Amino acid sequence: MTRRPTSSRPTRDLSALFDPRGVIVTGVSSHPGKFGFVCLHNLLAAGYRGEIFPVGREPGEVLGREVLGSIDEVPAGRADMVFVCTPPSLNEDLLRAAAAKGVRAAFIAAAGYREAGPDGIDAERSLVAAADELGIVLAGPNGQGVVSTPSSMCAQIVAPYAPAGNIAVVSQSGNFVSSLLNMAHLSGVGISRAVSAGNAAQLGVADYLEWFAQDPETAVSLVYMESVDDGRVMFERLRAVSSAKPIVLVKGGASTAGAQAAASHTGALATDDAVFDGMCRQAGVIRARDPEEAFEAAASLATQPLPSGNRVVVVTTVGGWGVAAVDAMAGTLLDPIPLPEDLRTEIDKLLPPRWSRGNPIDMAGGETRDTVPEILEMVAGHSEVDAVLFLGLGIQSNVAAMMRGGPFFPDHSLRRIVDFHETQDTRYAQAATAVAERTSTPVLVATELANTRPDTPGPATMRAAGQMCHASAGRAVRSLDLMVRHARWRSARGI
Amino acid sequence: MSTTLSEAESRRLVSEHGVAVSRFVTGETTEAILDALEADESVTYPVAAKLCGRQIAHKSERGLLRLQINDPQSLRTACDELLAAAEPSDGAVELLVSSMVEGSRELICGLHKDPQFGLTVMLGIGGVLAEAVRDVAFRLAPITEADAEEMTDDLKSQRLLGEFRGEPALRRQDLTDVLMALCSLGAAHPEVLSVDLNPLIIADGRPVAVDALVEVAQ
């Protein structure tokens, strides 16, 4: 095993890949099914901030843009990145021509490389050699593209683009980039950068993560990984990145590999997954079970303060949800603490006596106009509470929706009450975010309306603000559990 | 290619690096064992007797292990029987007699060289049940004390580590020390491919290895 010194390795500069001044797209034709066309379309549709230089064999215009006959026609110094959709036999020359124009990054969407057999392996090797020689950082080949919201750039042969935010995505499967960007759209929690690593011929997962760790637009990285080339080096690099910014990771193929035949009991217990899992925990990498859980954990980390401990108080408008939330904490690191006495006394002043007087704080419908924001503030601000879980957002708008859609609206004072309910949910959603910010205590919000009626005021307000609204208490609990584990990892190491 | 050290050699090696192992004596004959036991007052009855050799990796499966021997007469009988059970393919063999360690909870600890990640260190619940229970935590060696503490925290069967059936809680620092000792052994001996401390009995709160098996590259 070759061990590269990890501390002295400089982080590769990927700014030309993620924030290029201009992009050359090769292989552009008028056929809307071709990669070159799709990439050009997506760059234009997302409103890319830089210049675009389409290059193709047919003269004329595509999507209203003049197509250049070759890269030689691109003005020097105006493009930093080339997006390559042409077949392998052309691409080495193309890199040289692009480098001569000042290009410093390439995304190779073209297939026909390592995944295609011996000839492809040779082609990939010489492509990387050319890139190295030319000082070009090379993403792919056989990748689906790169997204960067600070540059409004959607250089992809697939969709979607994404709302802007602070999560950076790198995936060894291009389709998972699309899945995660779709989740960003659904939740409103946005993306800073996203890249499909493809065959990762030159740039590997760790190269991207190291750059994300220094990227001011990124708060947390989200990785989908299937294979590890050099486990020990990967571990060292992941650990260094985790110390700077959290990494959430999903491993594909986790359950397939068993233990090697071993002379020892320890060896017999050393399944690939058990060792990989231990490596993640040691490196501080937050390992999620599946892409949904990974996205929600990343979204929570990107939008919430890190909890300073595991003491959780649940705030809910009705009983059952709170019970289910506490049930979901069994087997996690989370501790649904007994409600501190001084909090109980304070809440007694705000609610009629039928409230639960414990944790979960079940308001039992006793809340009036300002009760929910006041209680959230009081609980999150308490020195013995490390995290708050708020359930019941949207219940009032749910009632309002039925009234609004019913036969009596807007008469019988229905408009007034509908407005009140909807305003209340908007306020609750705003309060959850504001309280978390003011108290530096995470306030996670969960309601099934995030999925079932995402356009009602509660979830819609969260989404518009780029805040995660979990679709169930169990999912919020899972995110919080992963956050607590990571917070512990940091504090045990004095980070 | 690899080979295993005998239990006595394995015990000495892990013990040199700070792992507590049950007190023991070795000898090639029954008489030698009885003499050694007489001379070493630290090995006290009841004792366990085993037949050991580099070719014998899993003694209990072949019945080469006798437990809870309470007096010299019974020990003599056990040693004679064990020597008689040796087969030519076992090569050089010796008897190992150790003090019985009292404790109802068993752990497993070890090292393993992973093809992808290199040397790993493991902690698990179980002794003989370990492979069925699969409540284990791995880390890449070497580890820090924080890593070792988190390995203990990782185990799902936390109740087994607290006070249990009249026995005191596990002294977690002692277990951390075992894991650190294994890593220092691994660092000092790059030829080591695997180590099993199985079982590691929690005796009066302290982890004590009552068997050790070290596998080395040839």
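The values are calculated or read from the model by the stated rules, or taken from the named source; none is laboratory data. As the structure is a computational prediction, the values presented were derived from the model and not from experiment. Reconstructed Cβ throughout: ideal geometry from the backbone, glycine too, with neighbour counts over all protein chains shown. Just the protein is used for accessible areas: all its heavy atoms, side chains included, with ligands, DNA and RNA removed. Shrake-Rupley method; radii C 1.70, N 1.55, O 1.52, S 1.80 Å.
Within the bounds of the stretch A:212-226, is there any residue that is within 14 Å of chain B (Cβ to nearest Cβ), closer than 19 Å to B:ARG139 by Cβ, surrounded by fewer than 21 Cβ atoms within 10 Å (Cβ to Cβ) and of a type in the set (D, E, K, R)?
no
From the residues in the stretch A:279-307 that are assigned to a loop (DSSP other than H, G, I, E, B) and within 24 Å of B:GLN116 (Cα to Cα), which one is farthest from the other protein chains (Cβ to nearest Cβ)?
Filtering the stretch A:279-307 for residues assigned to a loop (DSSP other than H, G, I, E, B) gives A:284-285, A:288-290, A:304-307.
With the extra rule that they be within 24 Å of B:GLN116 (Cα to Cα), the set shrinks to A:284-285, A:288-290.
Working: A:GLY284: 10, A:VAL285: 13, A:ALA288: 17, A:ARG289: 16, A:ASP290: 20 Å.
The residue in question is A:ASP290.
Out of all the residues in the stretch A:449-486, which are assigned to a loop (DSSP other than H, G, I, E, B), modelled with pLDDT of 95 or more, on the phi < 0 side of the Ramachandran plot and not polar (S, T, N, Q)?
Those that are assigned to a loop (DSSP other than H, G, I, E, B), modelled with pLDDT of 95 or more, on the phi < 0 side of the Ramachandran plot and not polar (S, T, N, Q): A:ALA465, A:MET468, A:ALA471.
One line per residue, one yes/no per condition, for (1) in the same structural domain as A:CYS85 (by TED's automatic domain parsing); (2) surrounded by 23 or more Cβ atoms within 10 Å (Cβ to Cβ); (3) assigned to a loop (DSSP other than H, G, I, E, B):
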site: A:LEU138; (1), (2), (3): yes, yes, no
site: A:GLY143; (1), (2), (3): yes, yes, yes
site: A:VAL147; (1), (2), (3): yes, yes, no
site: A:ALA155; (1), (2), (3): yes, yes, no
site: A:ALA159; (1), (2), (3): yes, no, yes
site: A:ALA162; (1), (2), (3): yes, yes, yes
site: A:ASN175; (1), (2), (3): yes, no, no
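Looking at B:ARG12, B:ARG66, B:ARG23, which one is under 19 Å from B:LEU197 (Cβ atoms), away from every other protein chain (no Cβ under 14 Å) and without any contact (Cβ under 8 Å) to a residue 24 or more places away in the chain?
Values: B:ARG66 fails: under 19 Å from B:LEU197 (Cβ atoms); B:ARG23 fails: without any contact (Cβ under 8 Å) to a residue 24 or more places away in the chain.
None of the other options fit; the residue is B:ARG12.
Evaluate the stretch B:159-169: report whether one residue or more is of a type in the set (Gly, Ala, Ser) and either within 9 Å of another protein chain (Cβ to nearest Cβ) or surrounded by 17 or more Cβ atoms within 10 Å (Cβ to Cβ) (or both). Steps first, answer last, please.
Our first condition is that a residue be of a type in the set (Gly, Ala, Ser); within the stretch B:159-169, this holds for B:162, B:166, B:169.
The next check asks that each one be either within 9 Å of another protein chain (Cβ to nearest Cβ) or surrounded by 17 or more Cβ atoms within 10 Å (Cβ to Cβ) (or both); those that pass are none.
The answer is no; no qualifying residue exists.
Restrict the check to the stretch B:44-59 and report whether at least one residue is closer than 22 Å to B:LEU213 by Cα, hydroxyl-bearing (Ser, Thr, Tyr) and in contact (Cβ under 8 Å) with a residue 24 or more places away in the chain. Quick ask: steps written out before the conclusion?
Of all residues in the stretch B:44-59, those closer than 22 Å to B:LEU213 by Cα come to B:47-59.
With the extra rule that they be hydroxyl-bearing (Ser, Thr, Tyr), the set shrinks to none.
Checking the stretch B:44-59: not a single residue is closer than 22 Å to B:LEU213 by Cα, hydroxyl-bearing (Ser, Thr, Tyr) and in contact (Cβ under 8 Å) with a residue 24 or more places away in the chain.
List the residue pairs whose Cβ atoms are under 8 Å apart, where the first residue sits in the stretch A:319-346 and is closer than 14 Å to A:ALA446 by Cα and at pLDDT below 95, the second is open to solvent by 30 Å² or more (accessible area, probe 1.4 Å) and part of a helix (DSSP H, G or I), and the two are 6 or more positions apart or on different chains.
A:ALA324/A:GLY474
What are the residues in the stretch A:56-65 that are exposed (fewer than 12 other Cβ atoms within 10 Å of the Cβ) and either at pLDDT 95 or above or at positive phi (or both), if any?
Hits for the stretch A:56-65 are A:GLY60, A:GLU61, A:GLY64.
Go over the candidates A:VAL275, A:VAL323 one by one and state the one that is of a type in the set (Val, Ile, Thr) and open to solvent by 60 Å² or more (accessible area, probe 1.4 Å). Full working, then the answer.
Numbers: A:VAL275 fails: open to solvent by 60 Å² or more (accessible area, probe 1.4 Å).
The match here is A:VAL323.
Can you pull out every residue in the stretch A:264-278 that is at the interface with chain B (Cβ under 7 Å from one of its Cβ atoms) and of a type in the set (S, T, N, Q)?
A:SER264, A:THR266
Considering only residues of the stretch A:457-495 that are charged (D, E, K, R) and open to solvent by 20 Å² or more (accessible area, probe 1.4 Å), which is farthest from A:ALA330 (Cα to Cα)?
Step one: of the stretch A:457-495, the residues charged (D, E, K, R) are A:463, A:475, A:478, A:481, A:485, A:488, A:490, A:493.
In the following step, the residues that additionally are open to solvent by 20 Å² or more (accessible area, probe 1.4 Å) were identified as A:463, A:475, A:478, A:485, A:488, A:490, A:493.
Values: A:ARG463: 29, A:ARG475: 13, A:ARG478: 11, A:ARG485: 15, A:ARG488: 18, A:ARG490: 23, A:ARG493: 26 Å.
Filtering first and then ranking leaves A:ARG463.
Quick one: which strands (runs of 3 or more DSSP E) lie wholly within the stretch B:1-107 and hold at least 1 residues that are polar (S, T, N, Q), closer than 30 Å to B:LEU161 by Cβ and out of contact with any His (no Cβ under 8 Å at 6 or more places or on another chain)? I'd like the intermediate steps shown before the answer.
On the way: elements: B:2-4, B:24-27, B:47-52, B:65-69, B:94-99.
So the answer is B:2-4, B:65-69, B:94-99.
Look at A:SER196 and say whether it is among the hydroxyl-bearing types (Ser, Thr, Tyr) and either open to solvent by 20 Å² or more (accessible area, probe 1.4 Å) or farther than 21 Å from A:ALA109 by Cα (or both).
Numbers: among the hydroxyl-bearing types (Ser, Thr, Tyr): yes; either open to solvent by 20 Å² or more (accessible area, probe 1.4 Å) or farther than 21 Å from A:ALA109 by Cα (or both): no.
Taking the combined requirement at face value, the residue does not satisfy it.
Here is a check on your reading of the model: is B:ALA130 open to solvent by less than 10 Å² (accessible area, probe 1.4 Å), part of a helix (DSSP H, G or I) and at pLDDT below 95?
yes
Here is a yes/no grid of residues against (1) assigned to a loop (DSSP other than H, G, I, E, B); (2) of a type outside the set (Val, Ile, Thr); (3) under 19 Å from A:ALA436 (Cα atoms); (4) open to solvent by 10 Å² or more (accessible area, probe 1.4 Å):
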| site | (1), (2), (3), (4) |
| --- | --- |
| A:VAL314 | no, no, yes, no |
| A:VAL372 | no, no, yes, no |
| A:ILE375 | no, no, yes, no |
| A:VAL379 | no, no, yes, no |
| A:GLU384 | yes, yes, yes, yes |
| A:VAL399 | no, no, no, yes |
| A:MET402 | no, yes, no, yes |
| A:PRO410 | yes, yes, no, yes |
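For the stretch A:83-97, does any single residue satisfy the condition of being within 28 Å of the chain's Cα centre (by Cα) and at positive phi?
If we filter the stretch A:83-97 for residues that are within 28 Å of the chain's Cα centre (by Cα), which is where we start, we get A:83-85.
Next, only the ones that are at positive phi stay: none.
So far as the stretch A:83-97 goes, no, none of its residues is within 28 Å of the chain's Cα centre (by Cα) and at positive phi.
Based on what the data block shows, is A:ALA297 touching a helix residue (DSSP H, G or I) at 6+ places or on another chain (Cβ under 6 Å), crowded, with 24+ Cβ neighbours inside 10 Å and not aromatic (Phe, Trp, Tyr)?
On the way: touching a helix residue (DSSP H, G or I) at 6+ places or on another chain (Cβ under 6 Å): yes; crowded, with 24+ Cβ neighbours inside 10 Å: yes; not aromatic (Phe, Trp, Tyr): yes.
Yes.
Residues of the stretch A:340-358 being touching a helix residue (DSSP H, G or I) at 6+ places or on another chain (Cβ under 8 Å) and open to solvent by less than 70 Å² (accessible area, probe 1.4 Å), which ones? Show your work before the answer.
Residues of the stretch A:340-358 that are touching a helix residue (DSSP H, G or I) at 6+ places or on another chain (Cβ under 8 Å), as a first pass: A:343, A:346-347, A:350-351, A:355-358.
A:LEU343, A:ILE347, A:LEU350, A:LEU351, A:TRP355, A:SER356, A:GLY358, listed by residue number.
Rundown of residues vs (1) in contact with a Pro (Cβ under 9 Å, 6 or more places away or on another chain); (2) at the interface with chain A (Cβ under 7 Å from one of its Cβ atoms); (3) of a type in the set (A, V, I, L, M, F, W, C); (4) over 30 Å from A:THR332 (Cβ atoms), yes/no style:
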{"site": "B:LYS113", "(1), (2), (3), (4)": "no, no, no, yes"}
{"site": "B:ASP135", "(1), (2), (3), (4)": "no, no, no, no"}
{"site": "B:ARG139", "(1), (2), (3), (4)": "no, yes, no, no"}
{"site": "B:LEU155", "(1), (2), (3), (4)": "no, no, yes, no"}
{"site": "B:GLN173", "(1), (2), (3), (4)": "no, no, no, no"}
{"site": "B:HIS189", "(1), (2), (3), (4)": "no, no, no, yes"}
{"site": "B:ALA203", "(1), (2), (3), (4)": "no, no, yes, yes"}
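Does A:GLN282 satisfy being more than 26 Å from A:ALA139 (Cβ to Cβ) and either outside the structural domain of A:VAL137 (by TED's automatic domain parsing) or at pLDDT 95 or above (or both)?
Values: more than 26 Å from A:ALA139 (Cβ to Cβ): yes; either outside the structural domain of A:VAL137 (by TED's automatic domain parsing) or at pLDDT 95 or above (or both): yes.
It is true that A:GLN282 is more than 26 Å from A:ALA139 (Cβ to Cβ) and either outside the structural domain of A:VAL137 (by TED's automatic domain parsing) or at pLDDT 95 or above (or both).
Out of (1) in the same structural domain as A:VAL177 (by TED's automatic domain parsing); (2) hydroxyl-bearing (Ser, Thr, Tyr); (3) surrounded by fewer than 20 Cβ atoms within 10 Å (Cβ to Cβ), what's the single condition that is false for A:THR266?
(3)
Could you check the stretch A:386-420 and list, in sequence order, the residues that are in contact (Cβ under 8 Å) with a residue 40 or more places away in the chain and at positive phi?
A:GLY392, A:GLY394
For a quick check of your reading of the model, give me the residue pairs whose first member lies in the stretch A:282-297 and is among the acidic types (Asp, Glu), whose second is buried (at least 24 other Cβ atoms within 10 Å of the Cβ), with beta-carbon atoms closer than 6 Å and at least 6 apart or on different chains.
Listed pairs, sorted by first residue: A:GLU296/A:SER479.
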